[in-house]
1. Normalised by the empirical 2.2 N^0.38 Å for globular proteins, what value does the Cα Rg of the stretch 1-152 take?
2. Would you order Tyr25, Tyr98 from fewest to most other beta-carbon atoms within 10 Å of each residue's own beta-carbon?
3. Quick query: amide H of Ala16 versus all other amide H atoms, modeled in the peptide plane; which residues come in under 5 Å with a sequence gap of 5 or more or a different chain?
4. Arrange Val36, Val160, Val150 by Cβ neighbour counts within 10 Å, fewest through most, would you?
5. By the scheme Lys and Arg +1, Asp and Glu -1, what is the net charge of all other residues having a beta-carbon under 12 Å from that of Ala79?
Amino acid sequence: MAELTTVADAPPQCDADGCTKPAVYAYAWEWGEKGVCCEQHRFTLNQTSEHLKRAVHFAPLQQTKAPITRDERTQLIAAKLSTEAELEDVKTRGLDLYRENTNLTSQLQSLTIRHRETGAQLKDAQTTIAKLEADALRRDAELGELSDEVSRLRTLAKFVDPQPQQQGKSSKTQTTPPAPKG
Ligand SMILES: [Zn+2]
């Protein structure tokens, strides 16, 4: 008994003793014996045929090219169409992504320019603030000097004129000298 193949689609093996090659031909002896053989054993069988003066016929095996069924064909066409649609979809998405990328790049460029402009404006503003702060400090210092001067003058005035404030508001109206006429 020949070895059983475990893989259903595997080609049949040459049935010559000790041969493990896949069969390429089916053969039939004129007395009815049939089998399959490899390329090499076809040669051997032909020699035997010549020795015996009995005819042997060969027919090529096409077991690997089983015709596909209508169903398989339909499925293959559907798969092809589906793949083509997917490919088209991927192309469209790729184009969309490319456009989006271009768009984002130009947005990024304009944002970078705006960022630089804002940065320059901020620098200007900071310079102005620094100047104003320096001015304010200078004025504070001047004000301090002036109030020092004022208190020094007040102290001096106390020594020169020891009398307190001359008159109040109420007495001022009463003692107002008459306005000159004419
Ligand atoms: Zn063989």
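1. Ratio of Cα Rg to 2.2 N^0.38 Å: 3.17.
2. In order of increasing Cβ crowding within 10 Å: Tyr98, Tyr25.
3. For Ala16, whose amide H was placed from the backbone, the distant partners under 5 Å are Cys38.
4. Going from sparsest to densest Cβ surroundings: Val160, Val150, Val36.
5. The answer is -1.
Coordinate-derived values only; no laboratory data. As the structure is a prediction and not an experimental result, all values here were calculated from the model. All Cβ positions, even for glycine, are placed from backbone atoms using ideal geometry, and neighbour counts span all protein chains on display.
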